[in-house]
Each structure stands twice: as C-alpha cells, then as structure tokens.
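Working notes, beginning with the structure itself.
The values are calculated or read from the model by the stated rules, or taken from the named source; none is laboratory data. Predicted, not measured: the structure shown is a model, and the values here were computed from it. In this analysis, Cβ positions are derived from the backbone assuming ideal geometry, glycine residues included, and neighbour counts consider all displayed protein chains. With ligands, DNA and RNA removed, areas are computed over all heavy atoms of the protein, side chains included. Shrake-Rupley method; radii C 1.70, N 1.55, O 1.52, S 1.80 Å.
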Amino acid sequence: MSFERPHCGEGNKEIQFAGQLQSHGCQYKLSISPGASFEEDMKRQVVKSDSAAIYIPKLEFEIPPASHKGSLSTIERILRRAGDGLRESQDELQKIDPSVVDAIDAFLGKLDTCVQGNSAFTVILDDPAGNSFIENPRAPTKDPLMSVTHYERSKEQTRAVGFLTDDMVSGEQGGAFRLEAEQVCAMSNRDGTESVGGAAGAESGGVASSTAAVMKYVHVGTCRPHEDVGAVAANRAIAHITNEDMFAAIFKYSAPEEVMVFPSTCGACAVPCETRMFAFIIPYFKEVIAMASTCDVCGYRISELKPGGAIPEKGRTITVRIKDEEDLKRDVIKSNIVCFQIPELELELSPRTLGGLVTTVEGFLTQISEHLKSVHGFSFRDSAQESQKQRWEDFGRRLRDLLTLAKMPSTLILDDLLANSFIAPVTDAMADDKRLAIEEFERTYEQNGELGLTEMDTSAADAAYHSSKE
C-alpha cells in the first residue's frame, strides 16, 4: 500500500506480505563507508517485513520488529526516520529524566555523523521469515560491500513469526490439534470438496482446497519430519522436492530393490502418515537415501534425497565446461549448502540459494535466471535506472547465449563443503570425460564449525562400541 499527500506531508509505504514463510531466515550485512559510493549505498532500496530487525553495531542501535510494520524504504530514510522519532520524544523526556535526554542527544550526534557520510558503519537486516531484502545495485554480479546469509530458524524464531513448532504439536496439545485438523478436513470433504489424496491432489503435487483449512494451524515447511533428524547440518537432506521429478531423474541409475515403510508425521498438518524409504548407489557419486511421504488427510507430499554413509572428510569442487547440448543435459544434484559460480557471467551465489535441486544443467541455469529476476526485481522494472536495466539486459542476453550455446564454452562450478553435490559424466568412465573435473579440498576449522562437526561428542558411542567388543 502506498500513498502520499503533498499538502500535509502525510504518506505511507507499508508492505503486507501475501506470500509464504521462506524455508530459511535471512541476514543482510551491508558495510557503508564515506567515499564515491556513499550516496548510492544510502539510496539502496530496503524491503523490511513485519518480523525483521535492523541493527547498527557501531552505534549499539536496534530497530526491533515490533516498532515498524513492513515497509519499502531506503537506508537513508530508515536512519533519518529513527532519528526523527527520537527527537520528537525529547521534550517529554526532559520533564521526566534530563540525563536520558543528554544520552539521546549524544546518540543522535553519532547517528547524524553516519547519515552525513562522515563515519563508516554497518547495517544488518535480520529476518527470521526470510522475506526481507536489501538492494544490490551491482546485480547480478556479487556485491563486495554486502554479504547475505541464510540460516535455520530456532524454535523461538519460528514461534515469533507466528507458526507452530514440533514440540507445540506433541503430547496432549498436539493430540487435540491433530484431531481438530482431521475434523476440518472431514468437514471440507462432507461439503463436497474432493479429498486431496484424489486426482486433484495428485495433479497439484499435494496441494488442494481442503488443505487451506488445515494450513491455518501449520504452514507447509514449518514441521520438517526428516530434515531435523540429526543435530548437525551435515545430516540434513540434500534436496526437498514436492513432485515426482526427483525419482524420474534418479531411477535411471538404480531401481529400488527394497522399499522400507515406517510411520512419520505430516509436514503440513502434523497428523500421522507413512514414509517410504530406499537406499541405492549413484555411480561415481555415493550412496543416497530417497524418502517420500504422503498425507492421506491433507494430501501434502514431499520427496527428499539424503546422503548415506559417513560424513566426508573433505569438501568437493566440481567444474564442468559447457560446449554442446550433451553438456546441458547432464544430471545435476545440488545440495542446499553449495556455493556456485559461472565466471563468464561474473555470477556467484551464496549457499542455500535455490535450496537443494535434482535437475539438469539446463534446468539449473533456467532456475538461476528465474531466481535472480524474482529477488532483484528493483533492478530491471519501471523504478530502475537505465544503467541497471541495461546491465540486466546484458546479463539476460549472455545467459540466453549460454543456454542456446551461441557462445562457447562456459563454466559451471559447484563448491560443496560436504561433497553432497554431483554432476553426471557423459562418458561411461569418469576419467574419459575431459570437460568434467572434480577436486577435493580440506575444510577449515570455521567451516567445520558451521556444520556442527567441531562440537560432536562421540564418547558415549565409542564406549558402547568398545564394550560390545569385549
């Protein structure tokens, strides 16, 4: 919603999100320094959702989520509005506690120094819902002044954005919740709505009209029945797929010999359901575990590909040279933590971008293009400057040339800390594929810490193992 009244100065640029909770929270960290790019950095567009907080560590200043609704603004406008709000309360505070007024005046002096470009500072935008954004004026190339991090929400953060967590749908409370959810679906079906498990649900990939009634309790993606099994990131799923494309891609390598079935919990409505699982080996890659769950109550379905075996001791970098259509048709398994780049496009994207995927090189490049357009819409729509539009037109042309093989060769690089990503060779023997290179590298201590590997305590398991041998 947006309006402005010139005669009185009243205006509103509030944003109300109509989308869904993202799979991860996001944190944008922008460093702003006095210099040639200062004005451009201060005019960066900022999308702030209701759940986002803004921090300026240098000033020990925080704008909490509750203080402002969702808005579309700029860095400069956010800081000036914060300063104006503090100045408006000075007269009242002077009557209550003059010492507080002096402290606020000192803070406002520091804030003005930053806003006027006389001091360097860092702005951090943190949104557990993952629906906030700071513009990258250099998009689609990497921004040297800004880092973007996607992270797993804690249970407290999940509750803060208004959704249920696993512990809230367990025990007596969970039993009452599941019973009520089943009753809602049953009522919908009695009213003439087709069950999601029927044809309509199959065509839509598990989303149907009766799901809407249940979704007011738990949103899809809030309860993850398998991904959170295991205490560290190293044990989480490589990819989550909501249709059958994953199985069509991986069955060409190996058909399941034995399918195991065990009870599980629906990731949408939290009622009991069944999960089917089988393990197999993809040649030149590793053992993987495919899991598929379908809920008969709400029709929600999801497929997961998880790594099998031990955690690899080293990370892996996969480089493929794209020269012909055969290269575009290579199968790709991309894990959630991959950092990937295309040097010819000057493109580099951070981990957790696009999530886990099971696709082809061509499909992967297409999804990259669609993702960048959805995230960086400011850069090529009506509100963008001509230089930004021209940059995106040039990037789109170069990407189309890559997909149509008009300019060859191009390079796709996947950098995976856990070696859970894979690009298929086009020859029977991996050594004969001269356009595909795989290199292993040692993880740093910090990288192991991010994966939770430095805090693993196996002493109890080791003691049990040795006692069994005695």
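Of note:
- Region 16-131: Cα Rg divided by the 2.2 N^0.38 Å rule of thumb: 1.15
- Label-to-label distance, nm, for residues given as A429 and E287 (7 Å Cα→Cβ offset): 2.7 nm
- Using the Cβ-Cβ distance between A120 and E348 with R0 set to 35 Å, the FRET efficiency from 1/(1 + (r/R0)^6) comes to roughly 0.90.
- Pairs of Lys residues in region 12-161, spaced 8 or more positions apart or belonging to different chains, with C-alpha separations under 24 angstrom: 23 in total.
- Zone residues, region 53-92, relative to L108, backbone N less than 11 Å from point 7 Å out along Cα-to-Cβ: 83-92
- Solvent exposure of T158, expressed as accessible area, is near 20 Å², computed with a probe of 1.4 Å over the protein chains only.
- In the assembled protein chains, M146 presents an accessible area of approximately 20 Å² (probe radius 1.4 Å).
- Label positions at K373 and K69, each projected 7 Å from the Cα along the C-beta direction, are separated by 3.1 nm.
- Estimated FRET transfer efficiency (S31, Q90; beta-carbon r; R0 30 Å; 0.05): 0.50
- Legend: residues R80, R153, R321, sorted from most to least accessible area (1.4 Å probe; ligands, DNA and RNA excluded), read R80, R321, R153.
- Gain on full stretching of the segment that runs from E313 to Q390 - 0.36 nm per residue minus C-alpha separation: 23.3 nm
- Normalised by the number of residues in region 12-161, the mean separation of alpha-carbon contacts (under 8 Å, six or more apart) gives a relative contact order of 44 percent.
- M277 accessible area, assembled protein chains, probe 1.4 Å, Å²: 40 Å²
- With the simple spin-label model, which puts each label point 7 Å out from Cα in the Cβ direction, the R81 to K329 separation comes to 5.3 nm.
- Solvent exposure, largest accessible area first (probe 1.4 Å, DNA, RNA and ligands not counted), of F422, F61: F61, F422
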